[in-house]
Structure formats: structure tokens, C-alpha cells
Amino acid sequence: MAHPSPRKMGKRGSKRQRAGFWFVLPAFLFYVAFFAYPFLSTVYLSMTEWNGVGTPTFTGLTNYSRLVQDGAMWSALTNNVIWVVLGTAAPIFIGLIISVMLWTGAKGGGIFRTIYFLPMVLSPVVIGVIWNWIYNPLFGLLNTGLRNVGLGKWAIGWLGETETALYAVMLTAIWTYLGFCIVVLYAGLQKVDSELVDAARIDGASPWQRFKNVIVPQIRPVLTMVIVYTVIGGFNVFDVVWVMTGGGPNNSSEVIATYTYEVAFRNSEYGYGATLSVIMSLVALSAAYAAMKFRKAGEA
Amino acid sequence: MARTASNRRLFNSTGKYVVLIVMAVIALYPILQMWMTALRPSGEILRNPFALPSTLDWSNLAKAWTTGRFGTYLINSVIITVPTVIGVVVLSCLAGYGISRFKFWGRGIMFLTILLGLTVPFQSVMIPLYYQLLNMGLLGTYWSVILPGIAFGLPFGVFLMQSFFEDLPHELAEAGRVDGCSEFRIFKDIMLPLAKPAVSTLIVFQFMKTWNEFLMPLLYLQDEDMRPIPLGLMFFQGAYTRDIGLIAAGVAISTIPVIAVYLIFQRQFVKGLTSGAVK
């Protein structure tokens, strides 16, 4: 029934087109059962109060007004914003320099790209464990190194101090995905018209002017996609924070995702936890939407 | 496309290599240091962590494998990863082909619904999914991470396969139709073999994603005997905080399989991760 027999040539066109439905249906049903349906349940739960036992009590938008007044949520969201800004600006700045260096022609460019990309294939847990050790206040590599070069007074507990914990975790995350930024930007650079760069050079443009006015405009679509990636990643970050600090000390490295986890699974406030996770989706979705609009505007 | 050196020269050449090499060291050193520490006799680790090991000591690796039960975790990771990857690839190929080659009722809405999943984090479904799996009697079984794992792989998989099939020429399928093949046979025998590059990209990409997943098994697989590698490593770290050599051995066992797969299939993997960005 799914695949019309070719002998019924009469309505072949429309019948044939309808076969597409049966190709898509299995994936769609699967997706609805284990993704879309639970997501809609989350939206419903976000308007209830529920401790995980019995039936959720419908409370309308109470959770959302609680959210607006929840100081812990705002400080977590502030950390996400810091993460988005620094976690986008730093790897793009470094990534542009490195990818242009590779693009200008370097021996062993392929090997460099392979190495830069490597941290990206590791599990966040592995990365967290490695960097927990690097940052260990007593025998960590960072502090041992600092003491060896006579900077012992700088050897602090990087993950244990409220001032440094967030940035130490962020540095680890950037170490992980910087290679991704380099490889994507490098791929974008392959489409840059060398003759334009050459013409600018003949016209006396400095290397910086050539970079800023000739190269960057040509890789703008790719640049936008990297930004979408780091922005969504920054709002949704969970694993590396959870493994390294759990949001501590004193909530100083708390982000929305770790806060959501705590509210739901430590405090058993499933209703409010659902509210927080709906907000996470909305923020990521609008960030992606804004970036796509921005990209379209750039192409027009 | 000729790569003329002159117009691209923006940097001083020696300085360039210094920067590129420093970056490579930064990317690699933490991992290599972990492997070195795993092979170092325990007494040496604290004295000078930066030096090369004086002798190779395999006892930490052996201990992590047996007491740390990394052998069990490795098997669990395989049990979870293989069906997840197969499920994502089969369903994505079918759906991607259907969306790209046919016009039918519901096509647009189904595709859009699946694509929206690209921005929804797992946190947004984890709570109801827990109770759904509980009601279905799947919680605590391997299925509790395999089935949602497949669903979470679909947005990217369908997107990737859809854009690949769209770019394939239509003439071959027409030839099959003239010969009287069913639509499914056209897909299976003519179009799918042409999609090998995209399929291998999706396999490698989904393998890495599932292999490294940790929140889903943390929530849905409470039994210690069913933990996959990342989860095992996390609990292992908690239990042996002070024994760096042993933790390093756990990291070595966890990283070597993925890095090996990456080095063998890196082209497919990089293509998978960047295909969304570079199109």
C-alpha cells in the first residue's frame, strides 16, 4: 500500500508523490513519541506545581511570575550572557587569526587542523576530568607550573574561588570548541576570491585593511553560522559546568541548565524546573532566529 | 583556485609557524599529559608532573580496567551506541529521501517540526520523558537511552540526508520508474547507494555524539552495571579523587577509542559537524 504499483499509470503523478509520506512517517512518529510529545508535556508541566508524586496541580502562569522574581535565575542567566559574549568573541577572534594563517598557506595545514579539532571529539566528562586536574589547587598542572616559574602567589584554587570559577570553566569550554571555529572559518575562507585580495594589495591596502574590508565581508555567512553555534551553545551549556563545579562555589558558576537540574532533581520542583527549561528553549530558539534574520539581511 | 602565495601573504612566515605550533601544543598537551600520567609509576607523579615517565608502569591501566570496571562500561557504550546509530541512520535516510523527492500532504509541517528540534536542548524534555519511560516500563533498561537517543539524532540526520538527496540528479530514479521498480526499490537499490558519503558522515557524527552522551544515561540508567564510559568515568573520578594515576588511566581508556575513530574517519566527522555551518 505504501508503494503504488507502476501499472496504475492513470493517477501516477499524485499517487507517486504520496509515497513520500510513508518514507517520512516512521521518523516523524519516532520524533513525536520521544521528543515533540515530551516537549509539549514540559510546556504543560511548566504551568503546574508538582513534586513528582501524584497528579500535577494546574497553577496557570504562577511559575512564570515566580521566574521573573527569582534572583537565582537572574544571576544564572547573567552567567549565561557572560558566557555567550566571551565564549563567542574570544574563539572567533583567535579562530579568525589562526584560520587566516592556515589559509595564507602553511606547510602541514591539514595536520594542524586535525590537531585543533581533536578536543571536540572528547566527551565533556573526559574534558571536565582532565581540566579538574589541571586546575587542582595542590597538585594541578597550572599551579605546579606557576610555582616552578616563581609565581606561587598566583597559584589559587581556580575552581574553588567565586571570582574565578565561571571563567576557569569557560576557558575549558573554549579550549574544546576553538578547533571547530577554526575549521569552519577555514572552510569559509576557501570561497574567498583571491583576485579581490590581490587587487586590494596592488591598490596599497595594508594587511589589516585587506583582512577587514576584503576577506571578512566574503566569509560573513560562515561567520554568522559560527556565532549561531556559540550563542546557542552558550545559552544551553550544561555538561562541562556540571562536571567541573556543579554551579558552585556559592552558585558563582551557575548557569540556567545547571540551575534547572537542581530545581527539578535536587529540590523535586518539577513544575518550576519545567518552566525554566521552557525558557531555555525559547532563548535558544530566538537566538537562532535572530541570527538567521541577520544572515538573510546580510545576503540581501 | 590556484593558490598564489603573494596575494595571501598577510603574516610574517616564522611568526606564523610559532603561533600555529603553540596552538597545537595547547590543544594536544592536556590529553598527552593524561596518557603520560597513566603510564607513570605512582610515586613520580607529584614530584615532577611535567617530566617524561622514567619507566612505563601499566598497573594503573590494569587496575582501572578491573576495579574501575572500564571493561564493563566499554561494553555498555557499545550496546547503547550501535542500535542508536543504526536507528538514526535508517530513519534519517528514509525521511530525508521522502522530504527531498516527493511533494505530499504534511511534508512542510513534518519537516519543520523535526528541524525545530535542532535548537531544543535535552533539558527541555528530560522531566516528562523520565515519567514517560517509567510508564512504558523502559526506565532503567538500555532502551531508555537508545530510543530517546534516536529521536534526538533525527533533527540533524534528517536535515543532512534531505539536503544530500536534494542535490542528486533525478534522471536515475526516472529510469528505475520506467523499468517498473517500486518507489521503495528505487530508493533502496538506486538512490541509497549514491548517498554513501552522506551516510558515512552521519554514522561517524552520530557515533561520537552517542558515545559521549552523559546526562541521558545519568538520569535514565540508574544501575551501576549499565553505565556507559563517560558516566563510569564521572563516578570513578568521584571515588578516587586523590589517585591521579588511576584517574588518568580512566581518562586514557575513555579517550583512546574515540580518538582512534576520529583519526580514521576525521574527514566524515569534520564534514558532519561543519555541514550545518558551511552550506
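Taken together, the values in this text are just the output of simple stated rules run on the coordinates, not laboratory data. These figures come from a predicted structure and were not determined experimentally. Here Cβ is always computed from backbone atoms with ideal geometry, including for glycine, and neighbour counts include all displayed protein chains.
Sorting the segments A:259-265, B:146-152, A:146-152 by their residues' average number of neighbouring beta-carbon atoms within 10 angstrom, most packed first, yields B:146-152, A:259-265, A:146-152. Each residue of segment A:66-83 was assigned a 3J(HN,Hα) from its phi angle through the Karplus expression (A = 6.51, B = -1.76, C = 1.60, θ = phi - 60°), giving 4, 4, 4, 9, 7, x, 4, 5, 5, 6, 5, 5, 4, 4, 4, 5, 4, 4 Hz with x at Gly and Pro.
Near B:V204, once Lys and Arg are set to +1 and Asp and Glu to -1 for all other residues with Cβ below 14 Å from its Cβ, the sum equals +4. Using equal-weight Cα scatterers in the Debye expression, the normalised intensity of chain A in log10 at q = 0.08 Å⁻¹ is -0.54. A convex hull fitted around the alpha carbon atoms of the protein assembly as shown yields 186 Å³ per residue. The overall shape of segment B:183-247 is prolate: from the C-alpha gyration tensor, with semi-axes ordered a ≥ b ≥ c, the ratio a/c is 1.5 or greater and a/b exceeds b/c. I want to check the label-to-label distance for B:T67 and A:A33. Put each point 7 Å from Cα in the C-beta direction and report it in nm to one decimal. For B:T67 paired with A:A33, the spin-label model returns 4.4 nm.
Would you compute the Debye intensity of segment A:193-300 from its alpha-carbon atoms alone, equal scatterers and no solvent, and pass along log10 I(q)/I(0) at q = 0.12, 0.19 Å⁻¹ to two decimals? Log10 of I(q)/I(0), two decimals: -0.61, -0.95. Sorted fewest first by neighbouring Cβ atoms within 10 angstrom, A:L118, B:L154 come out as A:L118, B:L154.
Residues A:I130, B:I26, arranged from fewest to most other Cβ atoms within 10 angstrom of their Cβ, appear as B:I26, A:I130. Going by Cα centres, segment A:248-284 and segment B:188-214 are how many Å apart? Cα centres, segment A:248-284 to segment B:188-214: 33 Å. Quick check: residue separation of B:L118 and B:I256 times 0.36 nm, minus the Cα distance between them. What number comes out in nm? Full extension of this stretch gives 46.8 nm more.
Take the alpha-carbon centre of segment A:69-120, take the same for segment A:21-49, and report the distance between them in whole Å. So the separation of the two Cα centres works out to 33 Å. Mean per-residue shielding of peptide B:244-252 is 2, counting Cβ atoms of other chains within 10 Å of each Cβ. Summarising the amide proton neighbourhood of A:T48: residues at separation of 5 or more, or on other chains, whose placed amide H is nearer than 5 Å comprise A:T59.
Provide the three semi-axes, in whole Å and in decreasing order, of the ellipsoid equivalent to segment B:14-57 as defined by the square roots of 5 times the Cα gyration tensor eigenvalues.
Equivalent ellipsoid semi-axes, largest first: 28, 9, 8 Å.
If you average the alpha carbon positions of segment A:124-145 and of segment A:186-202, how far apart do those two centres end up, in angstrom? Each part's Cα centre sits 41 Å from the other's.
Of all complete DSSP H helices in chain B, those with a Cα span along the helix axis of 30 Å or greater and a mean Kyte-Doolittle hydropathy of -1.0 or more are B:13-38, B:70-101, B:143-166. Phi-derived couplings, Karplus 6.51 cos²θ - 1.76 cosθ + 1.60 at θ = phi - 60°, listed residue by residue for segment A:232-246: 4, x, x, 6, 9, 3, 9, 3, 5, 5, 4, 6, 8, 10, x Hz, with x used for Gly and Pro. Measuring between alpha carbons in the structure, the pairs from B:K103/B:K188; A:K107/A:K191; A:K293/B:K16 lying more than 27 angstrom apart are A:K293/B:K16.
Run through every distinct alpha carbon pair of segment B:56-100 and return the Kirkwood hydrodynamic radius in angstroms, one decimal place. Kirkwood hydrodynamic radius for segment B:56-100: 13.1 Å. Among A:M120, B:M110, A:M292, a tally of other beta-carbon atoms within 10 Å of each Cβ gives an order, fewest to most, of A:M292, A:M120, B:M110. Put a plus charge on the Cβ of each Lys and Arg, a minus charge on the Cβ of each Asp and Glu, and nothing anywhere else: the dipole of chain A about its Cα centre is then about 1660 debye.
Expressed as a fraction of 2.2 N^0.38 Å, the value expected for a compact globular protein of N residues, the C-alpha radius of gyration of segment B:63-275 is 1.18.
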